[in-house]
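First comes the structure, then the notes that go with it.
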Amino acid sequence: MSEPPSDSLPDKNHRKGGRKPGPVANKQRHVISVRLTDAEYLRLMGETAKYKLSQGEVLRAVWLNQHSITKLSVPPTVERAKQRVQLVGMANDLQALLKRGGHGEDTNKVLLSLVAQLTLMLA
């Protein structure tokens, strides 16, 4: 068998595509291991679940002082998500109410309804 001509071999520096490599300074190339007690490990596992981050992201956030663990954002609960949706709907109703009020329409009933809904949410 004969070898293919050298001009048909792919160039070593030729890239077919994909994501371009980032700056070398930002590449996380070093891996370390850390020994933890059972209590420390359970705390780390709890925080990874609470903040929905990897173990490395939680440890890196604290060590680099980017955030303290107390400042990491907690994903919204189902109840909070429902409250946000309700608040967005009420804000839209209020905006529509202001437009109608600007045109001289009577908006007292709708306004009282919105106030009652807000009172229930805040109670």
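Structural remarks
- Output for the stretch 14-47, where each listed residue is surrounded by 10 or more Cβ atoms within 10 Å (Cβ to Cβ) and under 18 Å from Trp63 (Cα atoms): Leu36, Glu40, Tyr41, Arg43, Leu44, Met45, Gly46, Glu47
- Condition check for Arg80: among the basic types (Lys, Arg), within 27 Å of Thr48 (Cα to Cα) and either surrounded by 11 or more Cβ atoms within 10 Å (Cβ to Cβ) or modelled with pLDDT of 80 or more (or both): yes
- Qualifying residue in the stretch 48-63 (condition: surrounded by fewer than 11 Cβ atoms within 10 Å (Cβ to Cβ), modelled with pLDDT of 85 or more and not aromatic (Phe, Trp, Tyr)): yes
The values are calculated or read from the model by the stated rules, or taken from the named source; none is laboratory data. Because the structure is a prediction, the values reported are computed rather than measured. Note: ideal-geometry Cβ built from the backbone for every residue, glycine included; neighbour counts use all protein chains shown.
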